[in-house]
1. Anything in the range 82-93 that is among the hydrophobic types (A, V, I, L, M, F, W, C) and either part of a loop (DSSP other than H, G, I, E, B) or over 17 Å from residue 12 (Cα atoms) (or both)? List them, or say none.
2. Based on what the data block shows, is residue 71 open to solvent by 60 Å² or more (accessible area, probe 1.4 Å), charged (D, E, K, R) and not in a loop (DSSP other than H, G, I, E, B)?
3. Filter the range 22-31 down to residues that are within 10 Å of the chain's Cα centre (by Cα) and open to solvent by 90 Å² or more (accessible area, probe 1.4 Å), then give me how many there are.
4. State whether the residues of the range 53-65 include one that is modelled with pLDDT of 90 or more, under 15 Å from residue 17 (Cβ atoms), part of a loop (DSSP other than H, G, I, E, B) and of a type in the set (A, V, I, L, M, F, W, C).
5. For the range 78-91, how many residues meet the condition of being among the small types (Gly, Ala, Ser) and modelled with pLDDT of 90 or more?
6. Is it the case that the range 44-52 has a residue that's in a loop (DSSP other than H, G, I, E, B) and open to solvent by less than 60 Å² (accessible area, probe 1.4 Å)?
Amino acid sequence: MKPQGEDAVAVHDTHVNALCFDKRGQKMFTADGAGRLNVWRVSGDPRDPSSYLCLRQIARDLIGSSVFCLRVHPIRGFLLVLAQNSILRMYVE
């Protein structure tokens, strides 16, 4: 069973350093100090913790590198990630 809402913190090994939403607000991306990057589906009321479902972990190449910044490209929708080693990565959903 995948964690939801208040149990979502169990998905990350350390503090969440960055999060962002896609332009439609239907997906959320979170990243932590251990390099774990997750994709979430947002449905229903965003104020309700049960509206968030962790879909999957992406970017296993980041494990061990703290993520500082996440942004979704405003036109193309690519996920841009800046991690500890100062290399900008791009992930396509």
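The values are calculated or read from the model by the stated rules, or taken from the named source; none is laboratory data. Just so we're clear, the structure is a prediction, and the values are computed from it rather than from any experiment. Glycine also receives a Cβ, built like all others from the backbone with ideal geometry; neighbour counts cover every protein chain displayed. The accessibility values were calculated without ligands, DNA or RNA, using every heavy atom of the protein model including side chains. Shrake-Rupley method; radii C 1.70, N 1.55, O 1.52, S 1.80 Å.
1. Matches in the range 82-93: 82, 87, 88, 90, 92.
2. When the stated conditions are applied, residue 71 passes them.
3. Qualifying residue count, the range 22-31: 0.
4. Checked the range 53-65: no residue is modelled with pLDDT of 90 or more, under 15 Å from residue 17 (Cβ atoms), part of a loop (DSSP other than H, G, I, E, B) and of a type in the set (A, V, I, L, M, F, W, C).
5. Count: 1.
6. no
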